[in-house]
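Here's the structure we're looking at; comments come further down.
Nothing in this text is a laboratory measurement; each read-out follows from the coordinates by a stated rule. Given the structure is predicted, the values throughout are model-derived calculations rather than measurements. Note: ideal-geometry Cβ built from the backbone for every residue, glycine included; neighbour counts use all protein chains shown.
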Amino acid sequence: MKEKLLQEFKELFGEQGDIRSYFAPGRVNLIGEHTDYNGGHVFPCALTIGTYAIARKRSDRVLRFYSMNFEELGVLESSLDDLKPSKDADWTNYPKGVMWAFEERGFSIPNGMDILLYGNIPNGSGLSSSASLEVLTGFILRDMFDFNVTNTDLALIGQYSENNFNGVNCGIMDQFAIAMGKADHAIFLDTSDLSYQYAPLKLNNAKIVIACSNKKRGLGDSKYNERRQECETALSDLQKVADIKNLGELSEEQFEQYKDVIQNGVHMRRARHAVYENQRTLQAVAALKENNLKRFGELMNDSHISLRDDYEVTGIELDTLVEAAWEQPGVIGSRMTGAGFGGCTVSIVETDAIDNFVKNVGDIYRRDIGYHADFYIVEIGDGPAAL
């Protein structure tokens, strides 16, 4: 892969200079959905699929970007003196946003760059192609210009750029999982204070299978920001009777005790998902520590039902994939993953049942939805790296 991308870079931008190669993973969240901006726990892992970059410093302040995933757009050119979001900038708003966020933090970027990118994460799938690109850009800047930032900083800068440059009010989970990824481990992260621990993911004779619905979605123009606002309104109602900073502080019992103070029924259901999903995540990690994969799978299934009924972010595509998965032999658990409104499901499937799983779920999806889903059997990988 690296040699192919290097060749492409040299043909496009020339062979001279210090040309460097990089990679940042995508991520999948096993459980703990829409809890990260509610101060709850999440349980994601980095993947071995992700985003590759070939980059080189320039002597001027020009930025030239090229993506092999969007070849029809050609080379998109801008400047370090023009770091503001624009429709014409298309996908380059993500790397430019990170550069802007570095400058906002007082890191002056002295040189422009030529950057070629290639991602093998399905675009718009909910496996965090945008966060992968953000963390990757931060990693490149740190390496190229010797900026004194940690991997946790790279996650926070990526989130800041997505919130304030690209207008998506996302939580920290995606960028953190990508920046801090560790092979064969998921990350048990408390988003209220960024304390975390690595949990070995022992799936025994099973694997993680991701099904991409191929329904494209854009977070910025979806109902993502609306859901966040609904949770914040519910929180402010609850704060009249409970001394809490976020929904993740509540147990199920406390929520049931206080929920009637939430004035709007829809907001109450949004908050109920956030509270119960956080507790499910705690229970799921405890089950994994006890090597109780069956219980972990049951909690994944419950998570999907809550995301479908209380949070209303699944939709017919994701529901069809998950409900078809639940019917298949060898399926330990299945749920939507990511923000929802399209994107992907994640299933834990016994290894010898995977071929039938892919065929059967794929056939049901094509019959009911009218187009195909893509399936990926994924491995858990490390965070960003120079290649």
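Scanning the range 132-153 for residues that are out of contact with any strand residue (DSSP E or B) (no Cβ under 7 Å at 6 or more places or on another chain), of a type in the set (A, V, I, L, M) and within 15 Å of TYR22 (Cα to Cα) yields one hit, LEU141.
When only residues in the range 124-157 that are within 12 Å of the chain's Cα centre (by Cα) and assigned to a helix (DSSP H, G or I) count, which is surrounded by the fewest Cβ atoms within 10 Å (Cβ to Cβ)? Reasoning before the result, please.
Here is the first cut: in the range 124-157, the ones within 12 Å of the chain's Cα centre (by Cα) are 124-135, 155.
Filter once more, so that each one left must be assigned to a helix (DSSP H, G or I): 129-135, 155.
Details: SER129: 23, SER130: 27, ALA131: 29, SER132: 30, LEU133: 27, GLU134: 32, VAL135: 34, ALA155: 25.
Here the answer is SER129.
Taking the criterion of being out of contact with any helix residue (DSSP H, G or I) (no Cβ under 9 Å at 6 or more places or on another chain), under 24 Å from LYS289 (Cβ atoms) and outside any loop (DSSP other than H, G, I, E, B), the only residue of the range 158-189 that qualifies is HIS185. Looking only at residues in the range 328-357 that are of a type in the set (A, V, I, L, M) and touching a His at 6+ places or on another chain (Cβ under 8 Å), the one that is nearest to SER130 (Cα to Cα) is ALA339. The single condition among (1) crowded, with 19+ Cβ neighbours inside 10 Å; (2) assigned to a helix (DSSP H, G or I) that TYR311 does not meet is (2).
Among the residues of the range 204-225, are any more than 18 Å from the chain's Cα centre (by Cα), outside any helix (DSSP H, G or I), closer than 30 Å to ALA353 by Cα and of a type in the set (D, E, K, R)? Yes, because at least one residue in the range 204-225 is more than 18 Å from the chain's Cα centre (by Cα), outside any helix (DSSP H, G or I), closer than 30 Å to ALA353 by Cα and of a type in the set (D, E, K, R). Report yes if ILE109 is among the aliphatic types (A, V, I, L, M), assigned to a loop (DSSP other than H, G, I, E, B), touching a residue at least 12 places away in the same chain (Cβ under 8 Å) and more than 30 Å from LYS215 (Cα to Cα), otherwise no. Judged against the criteria, ILE109 is a match.
I'd like the full set of residues that are farther than 29 Å from ASP36 by Cβ and not hydroxyl-bearing (Ser, Thr, Tyr), limited to the range 358-386.
From the range 358-386, those farther than 29 Å from ASP36 by Cβ are 358-360, 362-364, 366-368, 370-372; that's our starting set.
Scanning the range 358-386 gives VAL358, LYS359, ASN360, GLY362, ASP363, ILE364, ARG366, ARG367, ASP368, GLY370, HIS372.
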